[in-house]
Each structure stands twice: as structure tokens, then as C-alpha cells.
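Trainee: So that we are looking at the same thing, I have put the structure below in C-alpha cells.
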Amino acid sequence: MIPKSLHDKPYVQKRFGRTERITATLWVCRPCHNHIHATFDEKELALTYNNRERLMEDERIRTFVEWLSRKPDGFVPKR
């Protein structure tokens, strides 16, 4: 889960191989995607929160996901 905008940054290239940068993905709904980007900047995502387990360790993400999971299908939170 390396943001595309950082794929060409030297600090990302040193840490992650090309295949890893391209193939490490996580499918999330739009509300979760928006919440993740509202919580972390892209550098934090690339270097610290670059997989599902690390994201879910953060209380802000875990709480949001748990809250959203109790909503009906198609629910879109207001921002």
C-alpha cells in the first residue's frame, strides 16, 4: 500500500522493490479510503501504515471501521 505519488521517491524506492510498490494493494470502500487519507499523510502511509494490519492497529482507523461496519449497505458518512 504505497501511494502512487510516492513510487518515484528515493526513500520509498530504497525500502520497497518495484513489484512490491505496484502490487501491494488493499481494497477498501470509498468512506474508508477517505478516512485513511484524512488521518495520515502519504508519507506516513508509505513508511508506517503500509498494510492492513498496521492500519488496523491505529485506534482512529479501527474505530471508524467498526462504526461503519454497523451501518447499512450503501451508507455514506457525511464529512
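Trainee: If you take the alpha carbon radius of gyration of the stretch 38-79 and divide it by 2.2 N^0.38 Å, what ratio comes out, to two decimals?
Mentor: Normalised by 2.2 N^0.38 Å, the Cα Rg of the stretch 38-79 equals 1.30.
Trainee: Could you size up the charge dipole of the chain around its Cα centre, putting +1 on the beta carbon of Lys and Arg and -1 on that of Asp and Glu, and report it in debye to the nearest 20?
Mentor: Computed charge dipole of the chain: roughly 200 debye.
Trainee: Counting only pairs 8 or more places apart or on different chains, how many lysine pairs in the chain have C-alpha atoms closer than 19 Å?
Mentor: Lysine pairs, 8 or more places apart or on different chains, close enough: 4.
Trainee: For the chain, take the longest principal axis of its alpha carbons; what is the angle in degrees between that and the long axis of helix 59-69, to the nearest 10 within 0 to 90?
Mentor: 50
Trainee: Rank by packing, highest mean first: peptides 5-18, 35-48, with packing defined as the count of other Cβ atoms within 10 Å averaged across residues.
Mentor: Output ranking for 5-18, 35-48: 35-48, 5-18.
Trainee: Per residue, what volume in Å³ does the convex hull of the Cα atoms of the chain enclose?
Mentor: So the per-residue hull volume is 92 Å³.
Trainee: Now, a different point. Can you tell me the relative contact order of the chain? Whole percent, Cα pairs under 8 Å, sequence separation 6 or more.
Mentor: 36
Trainee: How many nm is it between the label spots at Ser5 and Leu47, if each spot is 7 Å from the Cα in line with the beta carbon?
Mentor: 1.6
Bear in mind these aren't lab numbers, they're just calculated from the coordinates by the rules spelled out. None of these values were measured; they are calculated from a predicted model. Note: ideal-geometry Cβ built from the backbone for every residue, glycine included; neighbour counts use all protein chains shown.
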